[in-house]
Amino acid sequence: MRKLLSVIVLSFLCIHIAKAQQPKKPNSVEIHEAIKKLNFLGSVLYVAAHPDDENTRLISYMANQVKARTAYLSLTRGDGGQNLIGPEIRELLGVIRTQELLAARNTDGGEQIFTRANDFGYSKHPDETLAIWDKKEVLNDVVWAIRKFRPDVIINRFNHRTPGTTHGHHTSSAMLSVEAFDLVADKNVYPNQLKYVNTWQPKRLFFNTSWWFYGSRENFEKADKSALLEFDTGIYYPDLGLSNTEIASLSRSQHKSQGFGSTGTRGSQTEYVELIKGELPKNKTNIFDGIDTSWNRVKGGKAIGDILYEVEKNFDFKNPAASVNQLVKAYQLIQGLENNHWKTIKTKEITDIIAATTGLYLEAVTNEAYTTQNSDITIKIEAINRSNAAIRLKSIDISSIAVSENLDVDLETNKRNNYELKGRIIANTKNTTPYWLNSKGTLGMYNVSDQKLIGTPETEHQTKAIFKIEIGGIIISYAKDIVYKTNDPVKGEVYKPFEIIPTISASIKDKVIIYANSPSKQIPVTLKSSEPNIKGSISLKHPEGWEVLPKNIDFDLTQKGEEKTVVFTLTAPKNQSEGYISPKINVNGKTYSDEIININYDHIPFQTVVLPSETKVVRLDIKKKGQNIGYIEGAGDVVPESLQQIGYQVTTISPESISKKTLQAFDAIVIGIRAYNTVEELKFGQKHLLEYVKNGGNLVIQYNTNRRLKVTDNLGPYPLKLSRDRVTDENATMKLLAKDHAVLNTPNKITSKDFEGWVQERGLYFPNEWSKEYVPIIAANDKGESEKKGALLIAKYGKGYYVYTGLSFFREFPAGVSGAYRLFANMLSLGK
């Protein structure tokens, strides 16, 4: 469950309300803040490339101080990064980071928008980025986002004028924003969008600059600032008991999968924006100078403003419901606006405010977390009016179960009204899953065919209850997601989304299965029913040349949620081969082949992802020496499981227990990725690890970043300096520098073929300085760059071997890359 704890006072300020979150119960201060925002008709769009790129100080300032409708357009969902909280990578990591961004916006008061761009990994130049993304289509999405959101002001996080100086995604986001600024008003540009939106022209485009972009504070002090606006984003909000920068830190701390917990700060803090396009405000303290942000902005708005400004001025904090009649009058006038854009936005805002002022609580819950199409379901309704306002519940409509109840009952003050509605999930209800994963995309783009979905942060749940409420003779609709609610002995009231899932699913635990020592392996497939009394048969689709027995297995699952594991024997061909296996389930002539993946972390709502079930199988020609491997965890990878797949016995060593005695039993020790950035105990254990090498051990250290190292003076037995050098082209030529070295010859002969099929990158954060004792094994470079020789360094130290590698084994192992396994086996076999 998403718990914002100390920032609960901000919860009502957000337009987006996350699925599965506990219902909002705003207090009087929150309601008054929402009314202030209701009376501001101006919008800001902040643009960058990834989750965590956004400046939460500026977003919070615009949303909470200026009261502007503020959104962050992140071109990607962060799918290409690393995960510091769990095993999910790629698409599943993108699901996590999407929800972390929504949690961040729930904290700082903004909204969240995306494009279809896929974060394919680090890119050194916009030319590469835009080629892989498909510039035309991502620009399409940026234009769509601007036309749909209709910002008055756009702020870019990055500088469009400096390609090649930072992450290619970063610069590309700014370049696309600048280009889109000049296109969005042209009806001949992406005319297909105009079926759903109108053209639009933002007033101004800024770059969110700082001294960092000038190279030093001294350079920035000397720079011409005539085109700059500045804001003190350290402002304190007495009503909230928080400074804007404290809110921003709480927002940034939602990026937990990236380890971006942030300490709150207090005091004045200046942010700068540089005008890139449009007219510089005459009043440089007001980014909206010259833009009417009052209700006078829209035709017919003056009468609405006359009412709502009075409501704001005379708001009764002890009796918020005293404003309800005036709010309802304003609501009615808003429905008559010709401007559909502001009509839609302000209808949503004032509808929520009316409910909040009356303490109106509406809820639709089920006692089941999930169900399937055509299944019977019971929904429990609660409706209560916690004010003296006259409110009447006219009807409840739940179209997903074809139920409509005309009630026409008064909601008496503080009297709970409970109803029970029964129905059946209609046959065409779609499965609950992230919409951008419904069909296969490309390396750089997700495939989303529905224009109206593009940019939306998550899939909207189809199972909703629509409450028709009458207040002051006016009917107002409230849509509430149907949710699953339980009581946890520790957490108390717990909400989860109510999900629609396939009738039956099948999963294979290992997503890569390596055949290294045996021609045959047993493949357990776990079936899970989402309905009672499911009978059928299952087979295993496999690559040509592989053999599976039996051909089919019958099953009978009698209870909903019942699981059963069936086992196939899959035999690999004699020669090296690879491909994919997938279960095919037949139930009454209908075929199912999906698996259901649940993502469950406390800081984001429970996520259900339905994906095709498949596993890569690899017949691998590999030899190895040594057997017992010790593994010290870092920031998270699947190296231990991968080594077990090729026959090693792997034991996890707790960092606290590192000693001469605990290490001596192992043929080799492997350190997880970024361990020296994240594991404090390595400061004390490093001397034992190096002594282990000196006494004949084999130590393999995977990549670390060159910042925030816990061990700096003796990362290796000899001087070694990490850098930001990396090779991002996964197809870059790998030059074998030390062709006679054992690591390229024993027990597996490593050739250029072993570097085929690598994914996302060759490696990252290579050392760029080292002493003569280290032998560089491999060299590679991206196009137009100098050769990088630090990807794999090996030093003989005493009787043993020290290995430092920035090669991205943590990405290659989950992808089943044969050559990565063979090379790693050679690294572990050194000296044996």
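Running Debye on segment 49-126 with equal point scatterers at the Cα sites and no solvent, what base-10 log of I(q)/I(0) appears at q = 0.17 Å⁻¹? Scattering profile of segment 49-126, log10 relative to I(0): -0.66.
Counting only Cα atoms, segment 43-278 measures 48, 48, 36 Å along its principal axes, largest extent leading.
Segment 173-209 and segment 233-304 have their alpha-carbon centroids 22 Å apart.
Where a ≥ b ≥ c are the square roots of the eigenvalues of the C-alpha gyration tensor, would you call segment 706-782 rounded, which needs a/c under 1.5, or, failing that, prolate if a/b is larger than b/c, or oblate? Here segment 706-782 falls in the oblate category. Sorted fewest first by neighbouring Cβ atoms within 10 angstrom, TRP133, TRP295 come out as TRP295, TRP133. Ordering LYS739, LYS318 from the fewest to the most neighbouring beta carbons within 10 Å gives LYS318, LYS739. Considering only ALA322, LEU437, SER657, and ranking their Cα positions along the charge dipole of the chain that arises from unit charges at the beta-carbon of Lys, Arg, Asp and Glu, the one farthest toward the positive end is SER657.
In deg cm²/dmol, rounded to 500, what helix-only [θ] at 222 nm does the chain give when every DSSP H run of at least 4 residues adds -39500 (n - 2.57) and the total is split over its residues? After summing the helix terms and dividing by residue count, I get -6000 deg cm²/dmol.
Amide H contacts for GLU562 (H built 1.01 Å from N in the peptide plane; partners 5 or more residues away or on another chain; cut-off under 5 Å): SER529. Phi angles across segment 743-754 convert, under the Karplus curve 6.51 cos²θ - 1.76 cosθ + 1.60 with θ = phi - 60°, into 3J(HN,Hα) values of 5, 9, 10, 10, x, 10, 7, 8, 10, 4, 4, 6 Hz, Gly and Pro given as x. Of the residues ASN118, VAL700, ASN447, the one whose Cα sits farthest toward the positive end of the charge dipole of the chain, with +1 on the Cβ of Lys and Arg and -1 on the Cβ of Asp and Glu, is VAL700. Taking Cα atoms only, the orientation of helix 90-108 departs from the longest principal axis of the chain by about 40 degrees. Counting neighbouring Cβ atoms within 10 Å and putting the fewest first, the residues ILE396, ILE425 line up as ILE425, ILE396.
The residue list THR265, GLY819, SER399 was ranked by how far each Cα lies along the charge dipole of the chain toward its positive end, using unit charges on Cβ atoms, and GLY819 comes out on top. Legend: calculated FRET efficiency, GLN451 to LYS187, from the Cβ-Cβ distance at R0 = 22 Å, rounded to 0.05, equals 0.85. For ASN704, the residues 5 or more places off, or on other chains, whose built amide H falls under 5 Å of its own are ARG674.
What you get for segment 439-479, charging only the Cβ of Lys and Arg (+1) and of Asp and Glu (-1), is a dipole of about 80 debye around the Cα centre. Counting only Cα atoms, the size of segment 70-113 along its three principal axes is 32, 19, 11 Å, in decreasing order. Taking the centroid of alpha carbons for each part, segment 725-752 and segment 460-519 are 47 Å apart. Note on LYS749/LYS661: beta-carbon distance plugged into 1/(1 + (r/R0)^6) with R0 of 51 Å gives a FRET efficiency of 0.90.
Computed from label points 7 Å out along Cα-Cβ, the spacing between ASN374 and PHE317 is 5.9 nm. When only the Cβ of Lys, Arg, Asp and Glu is charged (+1, +1, -1, -1), the dipole of the chain relative to its Cα centre reaches about 880 debye. Largest first, the three principal axis extents of the alpha carbons in segment 628-829 are 45, 35, 30 Å in whole numbers. Per residue, the average separation of C-alpha pairs within less than 8 Å and at least 6 apart gives the chain a relative contact order of 10 percent. Translational diffusion of segment 247-393, estimated by Stokes-Einstein from the Kirkwood radius over alpha carbon pairs at 10 °C in a medium of 1.306 mPa s, is 78 µm² per second. The angle between the Cα long axis of helix 682-694 and the longest principal axis of the Cα atoms of the chain comes to about 20 degrees, rounded to the nearest 10. Here the Karplus curve 6.51 cos²θ - 1.76 cosθ + 1.60, taken at θ = phi - 60°, turns the phi angles of segment 441-454 into couplings of x, 10, 4, x, 9, 7, 9, 10, 8, 7, 4, 5, 7, 4 Hz, with x standing for Gly and Pro. When only the Cβ of Lys, Arg, Asp and Glu is charged (+1, +1, -1, -1), the dipole of segment 628-829 relative to its Cα centre reaches about 480 debye.
What does the C-alpha gyration tensor say about the overall shape of segment 757-832? Classify as rounded when a/c is under 1.5, otherwise prolate if a/b is larger than b/c, or oblate. In terms of gyration-tensor shape, oblate.
Considering segment 652-766, its Cα convex hull presents a mean projected area of 8.3 nm². Return the label of the correct value of mean projected area of the Cα convex hull in nm², as calculated from the structure shown, out of (i) 37.4; (ii) 50.3; (iii) 58.7. Identified label for the calculated read-out: (i).
Note on GLU681/ALA738: beta-carbon distance plugged into 1/(1 + (r/R0)^6) with R0 of 45 Å gives a FRET efficiency of 0.85. Its Cα gyration tensor gives segment 504-619 an equivalent ellipsoid, and the semi-axes of that ellipsoid, as √(5λ) in whole Å with the largest first, are 26, 19, 11.
Write down the percent of antiparallel bridges among all DSSP beta bridges whose residues are both part of the chain, to the nearest 5. Here the share of antiparallel DSSP bridges comes out near 70 percent.
Against the chain, whose longest principal axis comes from its Cα atoms, helix 168-181 is set at around 30 degrees.
Under 1.5 on a/c is rounded, so check that first for segment 343-408, then, if it is not, pick prolate when a/b is larger than b/c and oblate when it is not; a ≥ b ≥ c are the square roots of the alpha carbon gyration tensor eigenvalues. Note, shape of segment 343-408 comes out prolate.
Each reported figure results from applying straightforward, stated rules to the coordinates on display, with no laboratory input. These numbers come from a predicted model, not from an experiment. Don't worry about glycine lacking a Cβ; one is built from the backbone with ideal geometry, like all the others, and counts go over all protein chains shown.
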